[in-house]
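Input: a single structure, listed below in structure tokens.
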Amino acid sequence: MITVIIPHLDQQEMLRRCLASLQAQRPPQQKVEIIVVDNGSRQIPSDLCASFPTVTLLLERTPGPGPARNRGAAHASGETLAFIDADCIAHPDWLYEIESCFAEREDIGIIGGDVRIARQDAHRLTLLEAYESVFAYRMREYITKQGYTGTGNLAMRKQILSAVGPFGGIEIAEDRDWGQRALRKGFRTHYRKGMIVFHPARRNLTEIAAKWERHVAHDFNRVRSQRGWRPRWILRSFAVALSPAAELLRVGFSDRIEGPRARMLAMYGVVLVRLYRCKVMLALGFGADASRILDKWNRV
């Protein structure tokens with residue numbers, strides 16, 4: 001059996017699209033169960049989940065998608081655990097690719113796939129769609145260079161989770177932390193090109209800012225315990241501000257966007273985002289409270 005686990009927080013319409021995409025899957029040979037774990041929504045999606053067969057709704061009050069995923073995994077009946085986020089849409093072959101990969105390679109225990117931007121108009125991208133098509137969710141690169149993949153498109157054999165341990169809480173980047181813990185225990189994450197989910201671009205620059213505030217705060221919490229961290233952190237902040245110049249080739253030759261307009265938008269987006277990241281990094285380096293950023297992301 002395959003168990004699909006979906007953490008959810010106040011995204012009912014997106015969750016509806018996610019569940020519909022799972023219902024429309026190319027049928028795998030194994031049975032499939034779906035577990036939605038609500039993480040403190042203002043309105044629990046009881047009626048929505050009840051309208052889809054094979055969906056079980058659980059509750060997890062500890063803030064963060066990591067604890068929600070742990071709750072779902074603890075109730076899973078499947079030998080394979082597949083994780084997707086509530087705001088993602090699964091490609092029709094998503095479950096088929098997961099099942100096929102594990103059937104073909106007994107030596108593979110963890111796989112991550114491609115995450116693409118869902119476009120409102122395929123022929124005219126918005127600024128954020130162009131930017132995120134190039135710079136967001138570069139899962140193959142994360143797997144190759146850092147040993148982890150995002151938990152919005154992740155699958156594993158259940159015994160691997162038992163061996164590595166649960167996902168971390170809201171104070172860390174739980175996907176990177178878990179993947180790198182797995183790697184240290186000898187479990188390598190493999191990239192599966194055909195294992196695709198679609199993620200909507202952020203709706204506005206405020207959402208992009210919130211995302212990078214969270215990631216920067218996670219990085220800050222990781223490095224500030226090291227000796228002499230502050231000068232290195234300040235230098236890294238300025239390097240981030242100057243880094244868009246190094247992205248010209250990536251934007252110019254990316255196969256994820258088409259046409260000069262989209263490439264110009266992507267370049268403009270990366271300049272805005274990197275300057276904002278620099279601002280947040282400098283604020284933390286000179287005394288801002290990282291815990292306030294993380295509390296704001298989910299809730300106190």
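Values as computed for the structure displayed
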item	result
The one condition in (1) under 25 Å from R124 (Cβ atoms); (2) among the hydroxyl-bearing types (S, T, Y); (3) modelled with pLDDT of 95 or more that S243 fails to fulfil	(1)
Any hit, the stretch 178-191, residues being more than 17 Å from I84 (Cβ to Cβ) and of a type in the set (A, V, I, L, M)	yes
Helices (runs of 4 or more DSSP H) enclosed by the stretch 112-210 - at least 2 residues per element that are of a type in the set (G, A, S) and either at positive phi or surrounded by fewer than 19 Cβ atoms within 10 Å (Cβ to Cβ) (or both)	158-164
Qualifying position, being within 26 Å of I196 (Cβ to Cβ), free of Cβ contacts under 8 Å to residues at least 12 places away in the same chain and either hydrophobic (A, V, I, L, M, F, W, C) or assigned to a helix (DSSP H, G or I) (or both), among G269, G252	G252
Matching residues in the stretch 213-229 - criterion: being basic (K, R) and part of a loop (DSSP other than H, G, I, E, B)	R224, R227
Residues of the stretch 225-249 satisfying the condition of being free of Cβ contacts under 8 Å to residues at least 12 places away in the same chain and either charged (D, E, K, R) or under 25 Å from E174 (Cα atoms) (or both)	S225, Q226, R227, W229, R232
Any hit, the stretch 63-78, residues being assigned by TED's automatic domain parsing to the domain that holds D175, among the polar types (S, T, N, Q), at pLDDT below 95 and out of contact with any Asp or Glu (no Cβ under 7 Å at 6 or more places or on another chain)	no
Test: residue in the stretch 238-254 that is surrounded by 19 or more Cβ atoms within 10 Å (Cβ to Cβ) and not aliphatic (A, V, I, L, M)	no
Qualifying positions in the stretch 74-111 - over 18 Å from C18 (Cβ atoms), of a type in the set (A, V, I, L, M, F, W, C) and surrounded by fewer than 22 Cβ atoms within 10 Å (Cβ to Cβ)	A74, C101, F102, A103, I108
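Table: residues versus (1) of a type in the set (S, T, N, Q); (2) modelled with pLDDT of 95 or more; (3) touching a strand residue (DSSP E or B) at 6+ places or on another chain (Cβ under 6 Å); (4) over 19 Å from R222 (Cβ atoms).
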site: G259; (1), (2), (3), (4): no, no, no, yes
site: M267; (1), (2), (3), (4): no, yes, no, yes
site: L275; (1), (2), (3), (4): no, yes, no, yes
site: C278; (1), (2), (3), (4): no, yes, no, no
site: G285; (1), (2), (3), (4): no, no, no, no
site: A288; (1), (2), (3), (4): no, no, no, no
site: S291; (1), (2), (3), (4): yes, no, no, no
site: D295; (1), (2), (3), (4): no, no, no, no
site: R299; (1), (2), (3), (4): no, no, no, yes
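The values are calculated or read from the model by the stated rules, or taken from the named source; none is laboratory data. Note that this is a predicted model, so its numbers are computed, not measured. Ideal geometry is used to build each Cβ from the backbone, glycine not excepted, and the neighbour counts take in all protein chains shown.
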